[in-house]
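Data block below; observations after.
What follows is calculated from the coordinates using simple rules that are stated; it is not laboratory data. Not measured: the values here are computed from a predicted model. Don't worry about glycine lacking a Cβ; one is built from the backbone with ideal geometry, like all the others, and counts go over all protein chains shown.
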Amino acid sequence: MKYLNKPVLAQVLKELITLSALPLKQIEENFTVDASGFSTSMFGRWFNVRTGESSKRLFKKAHIFSGVKTNIITSVEVTDGCTHDSLVFPDLLHDTAKYFDIKELTADMGYSSRENLGMVSKVGAIPFIPFKKNATSRAGGFAIWNTMYRYFKDHKEDFMRHYHLRSNAESVFSMIKRKQGDYLRTRNDIAQVNEIICKCLVHNICVLIQEMFEIGIKIDFKEVIPEEFMCKISL
């Protein structure tokens, strides 16, 4: 429990999540991104118009990138519950694209913006993110926006067939919360962040064990560990 209070542990755990996902690099090429909350024992003050000042339970939000075939988590960020999903999207995308060849990315409407679609296109992937009702085809400097908007309008059934892979993100959170709970035992901010990342790491280990038996994949980290990680291990 003392280690969970160390700020440096978060980066170490994130790197372990990356390492634990790498054995499935050749299997995963379609990804999804989503966020979900984990409740804490802390309460925050808020103002209720009817009853005056009141309080409600605070929560942390986990933002994850995951593969749609095995539900392996490739990158994770933890924020306060009120943080908008799009704010951490660039980091999640960058961390996954660094080691995985992303072909398709599915996400809900909360990630629908020209900038987000542009970032996905830049890493060579196709973004299947539905458009809001007031969206137009105006590219605004991002050609992929116009392309996907037309595809969404003209081939909506096929678009939604790809988009529905997003439900795998909900499966990931369901697996984590069902096995490890959706409640955080730690009480301070640093420890709560580390606790959620630990939950994600345990999830990845479970996925690896499952895939060893289901598809017979050989788990050999020496074959997949990048050089920069080998340098850290040797140190």
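Some notes on this structure:
- Relative contact order of the chain: 26 percent, from C-alpha pairs under 8 Å at least 6 residues apart in sequence.
- By other beta-carbon atoms within 10 Å, ranking L117, L201 with the fewest at the front produces L201, L117.
- Selected from N146, N168, N134 as most flexible by GNM, with the chain as the system and alpha-carbon contacts under 10 Å: N134
- Sorting 127-133, 26-32, 191-197 by their mean Cβ neighbour count within 10 Å, with the most densely packed peptide first, gives 191-197, 26-32, 127-133.
- Segment E228..M160, full-extension length gain: 20.6 nm, with 0.36 nm per residue of separation and the alpha-carbon distance subtracted.
- Electrostatic dipole magnitude of the chain [Cβ: Lys, Arg +1; Asp, Glu -1; Cα centre; debye, to 20]: 820
- Estimated FRET transfer efficiency (K179, T136; beta-carbon r; R0 45 Å; 0.05): 0.55
- Two-site label geometry, A143 and K2: point separation in nm, points 7 Å out along Cα→Cβ: 5.8
- Only alpha carbons enter this Debye calculation for region 107-235, each as an equal point scatterer, and the log10 of I(q)/I(0) it gives at q = 0.12, 0.16, 0.20 Å⁻¹ is -0.78, -1.04, -1.09.
- Here region 61-104 was treated as a single set of alpha-carbon atoms; its pair distances binned every 5 Å from 0 give 5, 22, 32, 22, 13, 6, 0 percent.
- Only aspartates and glutamates eight or more places from K6 in sequence, or on another chain, were considered; those with a Cα closer than 17 Å are E15, E77, D189, E195.
- Cα-Cα over 26 Å, subset of K132/K179; K25/K122; K14/K156; K2/K98; K69/K156; K14/K179: K132/K179; K14/K156; K2/K98
- GNM on the chain, alpha-carbon springs under 10 angstrom: the most fluctuating residue among T136, T79, T40 is T136.
- Fluctuation leader among G81, G118, G140 - the chain, Gaussian network, Cα springs under 10 angstrom: G140
- The magnitude of the dipole of region 99-235, with charges of +1 and -1 set on the Cβ of Lys/Arg and Asp/Glu and taken from the Cα centre, is near 560 debye.
- Mean Cβ count within 10 Å, highest first, over the residues of peptides 151-161, 203-213: 203-213, 151-161
- From the coordinates shown, mean projected area of the Cα convex hull in nm² corresponds to which of (1) 16.6; (2) 12.5; (3) 15.8: (3)
- Paramagnetic label reach from K153 (point 7 Å along Cα→Cβ; backbone nitrogen cut-off under 15 Å): within region 100-130, no residues.
- Within the chain, helices built from complete DSSP H runs that reach 24 Å or longer along their own axis (Cα positions) and carry a mean Kyte-Doolittle hydropathy of -1.0 or higher are 189-214.
- Fraction of beta bridges assigned by DSSP in the chain that are antiparallel (%, nearest 5): 75
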